[in-house]
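S.K.: Starting off with a structure, shown below.
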Amino acid sequence: MEKSVTVGSSSFGALYGTMSKISKAGPDMTKTGTTWLNTLLRGTDGELRSAPRISLQRLLVLRTLVMITGILGAIVFDFFSPLHLPVGPIVALLTCILASLALGVWRVRNATLINTRELAAHLALDFAFLTVLLIYTGGATNPLISYLLVLLAVGATLLNLFWANILAALAIVVYTLLLLVGIATDQHAEHMVPDFQVHLIGMWVTFVVSAVLITAFVSRMAQAIRSRELTLAKARENEMRNEQLVAIGTLAAGTAHALGTPLSTMAVLLSELDEQSEEQLREQSVKADIHLLREQVVRCKHSLDQLTRFYNKNDHSQPGQLRLSNFDDAIRDYITNIHPGAKIDFSMDAACSEALISADITIRHALINIIENALKAARSRVSVEYYWASPQQTDVVMSVQDDGPGIPPEVMESMGEPFISTRSDSMGLGIFLANASIQRQGGSIEMFNVRDAGARTVIRLPVSV
């Protein structure tokens, strides 16, 4: 019969990733510019502390990419086209863009709070820059006007539905004015075919429909993603809190289990002392009983001190690491102090003595509980062994064997459940607590009887990397 326990164990982000790939594949100027801006945008601690701050950073990177691309496009256009762009307005526009970038960098690095309104203001500023550029470079006939949809998609992803609707209305107004007024420095109208005006109107209708669809669907999808991320974050936080509570509860229950034996001993001694006369209390044997009482009090205090130290840790979920040899020393010291006359054979494979395991105190409680159970069941001796579970050296084995009568089959079926014990004077929590502690560390326990040699408990515990 065998018992074993085994533990199983934004949309805008995609847009930003795509832009990063484009920048890497593009000219060195673009790559250098975005890398420099990313470095500059990070504060002195090298970290961005909030989602709005990260969003503003990405908006500034996007603005930089568009500015660099626009400069390169203007140079190519001016070189190959007989038409020439107005230098004055373009230079003034670039100056304003650089000033807005400087302001944005300063806000990212120094502002204590960046909210949704500020993100909306930056997107509106991008709308304004693009509108001015289109006024001097062909208006609604400039293919760059479709970039309004990119800005709208970004806004629908980052902002709530209210601000996304405002940006959509702004984009439609800008496109409509550019189409109707036809303000542009280069007069392309004279080269139009008769149907070109119909084509522009068709483009406008397509733009309006696209803007409405982007606002309606992307905003709601982004809101759903944000809600899901918030739910997942709360779930992760609750899981971490529950793990800490389980760790504290397991140790508290283990401490209560450890206090059971000394308290029972103290109760028996006090009952015997209470029945003795004054003359008997003066005898030397009574002093030995008092000394034993004092030892049991120290043992109880030691268990409670361990619980207090564990509770006062800063982080219960990530304990430190401990060499297996040091772990064994701690177990031996405890057993020697609490059970000075116990006959226990400790042995360790030298190959695994330097292995690192979790230093969680509940693991020590687990092994101590198993050893104490073996001591109570043994006829004469208990053996404790440490060795590698496999040649891959990913798990260590802690084996505890006694030479007692073994575990009855009817008890073996329910072993590891609370309040199941082979002894009438036990609460049956030892193996249950050991299971809980080792499960938390990704380990397992197997219990079985060895023919004519008592019971054996095998703990497998993963080593720390």
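The values are calculated or read from the model by the stated rules, or taken from the named source; none is laboratory data. Computed from a predicted structure; not experimentally measured. Neighbour counts are summed over all protein chains in view; Cβ atoms, including those assigned to glycine, are modelled from backbone coordinates with ideal geometry.
S.K.: Here is a check on your reading of the model: is Ile407 modelled with pLDDT of 75 or more, surrounded by 15 or more Cβ atoms within 10 Å (Cβ to Cβ) and assigned to a loop (DSSP other than H, G, I, E, B)?
M.R.: Numbers: modelled with pLDDT of 75 or more: yes; surrounded by 15 or more Cβ atoms within 10 Å (Cβ to Cβ): yes; assigned to a loop (DSSP other than H, G, I, E, B): yes.
Against the criterion (modelled with pLDDT of 75 or more, surrounded by 15 or more Cβ atoms within 10 Å (Cβ to Cβ) and assigned to a loop (DSSP other than H, G, I, E, B)), Ile407 qualifies.
S.K.: Only one of Thr64, Thr95 is among the polar types (S, T, N, Q), in contact with a Gly (Cβ under 9 Å, 6 or more places away or on another chain) and modelled with pLDDT of 80 or more. Can you tell me which?
M.R.: Numbers: Thr95 fails: in contact with a Gly (Cβ under 9 Å, 6 or more places away or on another chain).
Sole residue among the options that is among the polar types (S, T, N, Q), in contact with a Gly (Cβ under 9 Å, 6 or more places away or on another chain) and modelled with pLDDT of 80 or more: Thr64.
S.K.: Hey, among Ala351, Ala366, Ala374, which residue is more than 20 Å from Asn326 (Cβ to Cβ) and part of a helix (DSSP H, G or I)?
M.R.: Numbers: Ala351 fails: more than 20 Å from Asn326 (Cβ to Cβ); Ala366 fails: more than 20 Å from Asn326 (Cβ to Cβ).
None of the others qualify; the one that does is Ala374.
S.K.: Restricting the first residue to the stretch 290-304 and requiring it to be assigned to a helix (DSSP H, G or I), which pairs with a second residue that is of a type in the set (Lys, Arg) and surrounded by fewer than 16 Cβ atoms within 10 Å (Cβ to Cβ) meet a Cβ separation below 6 Å and a spacing of at least six or different chains?
M.R.: none
S.K.: It is to be established whether one or more residues within the stretch 264-283 are at pLDDT 85 or above and surrounded by 13 or more Cβ atoms within 10 Å (Cβ to Cβ).
M.R.: No: the stretch 264-283 contains no residue that is at pLDDT 85 or above and surrounded by 13 or more Cβ atoms within 10 Å (Cβ to Cβ).
S.K.: Does at least one position in the stretch 178-189 carry a residue that is at pLDDT 75 or above, surrounded by 15 or more Cβ atoms within 10 Å (Cβ to Cβ) and either assigned to a helix (DSSP H, G or I) or not assigned by TED's automatic domain parsing to the domain that holds Leu144 (or both)?
M.R.: First, the residues of the stretch 178-189 that are at pLDDT 75 or above: 178-180.
Okay, now just the ones that are also surrounded by 15 or more Cβ atoms within 10 Å (Cβ to Cβ), so 178-179.
If we keep only those that are either assigned to a helix (DSSP H, G or I) or not assigned by TED's automatic domain parsing to the domain that holds Leu144 (or both) too, we end up with 178-179.
Yes, because at least one residue in the stretch 178-189 is at pLDDT 75 or above, surrounded by 15 or more Cβ atoms within 10 Å (Cβ to Cβ) and either assigned to a helix (DSSP H, G or I) or not assigned by TED's automatic domain parsing to the domain that holds Leu144 (or both).
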